[in-house]
Amino acid sequence: MTSGFWQKTGKGLAKTRHFLSAGLGSIFKKKREIDQDTFDRLEALLIGADLGVEVTQVLLADLKASVERKEVGNLETLRDKLKTSLIEILKQVPVAPPIDESPIVTLFVGVNGVGKTTTIGKHAKRLCAEGKKVLLAAADTFRAGAGEQLSIWGQRAGAEVIRFPPGADPSAVVFDATSAAMARKVDHLLIDTAGRLQTKHNLMEELKKMTRVISKQIPNAPHEKILVLDATTGQNALSQAEHFQKAIGLTGIVLTKLDGTGRGGIVVPIVQKFSVPIIEIGVGESPEDLIPFDIENFVGALFEEENP
């Protein structure tokens with residue numbers, strides 16, 4: 001991972017890093033040995049950073065076992081072990097093989113206000129810059145201005161957009177877009193969908209219908225089903241991931257607005273609970289601030305250590 005990417009991650013995680021660093025500094029400054037009080041303070045700190053109770057208990061159990069085995073004997077090695085344990089949790093998700101099909105169909109889902117359309121636009125811009133032929137589908141026919149917003153991103157990226165009038169059937173948009181993607185021999189079809197509360201059954205059923213429409217035209221598609229989450233929602237992101245996972249099955253998660261929260265630790269319980277990889281994180285407003293998620297880079301930024 002380049003130093004530029006590390007700097008972006010570090011800047012985006014500044015609030016979370018400050019929270020953790022201040023907490024760890026307070027613990028380690030006041031204590032000279034590892035005891036139960038050390039673990040109690042760590043527990044409160046990790047839960048406060050939104051790692052959640054379950055992940056925190058896993059980490060503490062691992063740290064205590066390392067102390068008992070005398071692998072960890074002081075606060076410095078305890079800190080190092082904490083970083084290693086975090087990396088191990090995040091690496092539990094297997095890496096999916098590259099998709100060797102064309103067009104690659106990606107369905108983007110999520111609740112209102114998470115930055116879904118903007119995320120798609122940034123994806124399109126990057127893919128087009130790599131020389132890929134990209135088609136966008138404006139299947140969010142409910143939100144006023146959604147189609148226009150995606151069209152603006154399409155113009156910026158150099159990607160065509162399939163859109164219908166407001167109120168049209170989203171599955172009809174998806175059908176036409178999939179047909180156009182095959183006819184025009186594009187490399188990527190990126191589909192925007194309406195924001196929907198994860199608890200609204202009829203809207204989740206609509207997503208299932210869209211996936212059926214796509215798969216009838218292209219077997220095994222959509223190849224990617226990406227959930228866009230807002231990091232500032234904290235533990236509520238887990239509920240969103242659970243419902244979307246049950247409805248359509250997820251292949252990846254994009255976590256936006258990490259630069260706006262001190263609780264970036266939510267990344268860890270999401271990965272640990274659902275075994276779905278974080279593929280990208282948003283750490284700013286510009287297209288370049290949507291960056292690939294790198295585990296060592298992320299954990300290093302949390303602890304204010306740059307990767308070599």
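Read-outs throughout are calculated quantities, based only on the coordinates presented, and are distinct from any laboratory measurement. Since the model is a prediction, treat every value here as computed from it, not as a measurement. Methodologically, a virtual Cβ is constructed for each residue, glycine included, from the backbone with ideal geometry; neighbour enumeration extends over all protein chains shown.
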Exposure proxy order (Cβ contacts within 10 Å, fewest to most) of Met204, Met210: Met204, Met210
Distant-in-sequence amide H partners of Val276 (H built 1.01 Å from N, under 5 Å): none
Neighbour-count order for Arg212, Arg41, Arg69, Arg156, fewest beta carbons within 10 angstrom listed first: Arg69, Arg212, Arg156, Arg41
Length gained when the stretch Ala183-Arg156 is fully extended (0.36 nm per residue, less Cα-Cα span): 7.4 nm
Region 172-180 - phi-based ³J(HN,Hα) in whole Hz, Karplus 6.51/-1.76/1.60, Gly and Pro as x: 5, 4, 5, 4, 5, 5, 5, 4, 5
Ala65-Asp176 FRET efficiency (beta carbon distance; Förster radius 45 Å; 0.05 resolution): 0.20
R0 of 25 Å, Cβ-Cβ distance Ala144-Leu203: FRET efficiency to nearest 0.05: 0.90
Label of the coordinate-derived value, Kirkwood radius over Cα pairs in Å, listed as (1) 24.6; (2) 20.5; (3) 22.8: (2)
Theoretical gain in end-to-end length, Lys132 to Gln235 [0.36 nm per residue, Cα-Cα removed]: 33.5 nm
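How much length would be gained if the chain were fully extended between Thr77 and Lys273, taking 0.36 nm per residue of separation minus their Cα-Cα distance, in nm to one decimal?
On the way: separation 196, 0.36 × 196 = 70.56 nm, distance 2.72 nm.
My answer for the length gained is 67.8 nm.
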Whole-Hz couplings from phi, Karplus 6.51/-1.76/1.60, listed for region 74-91; x for Gly and Pro: 8, 5, 5, 6, 5, 4, 4, 5, 4, 4, 4, 5, 4, 4, 4, 5, 5, 8
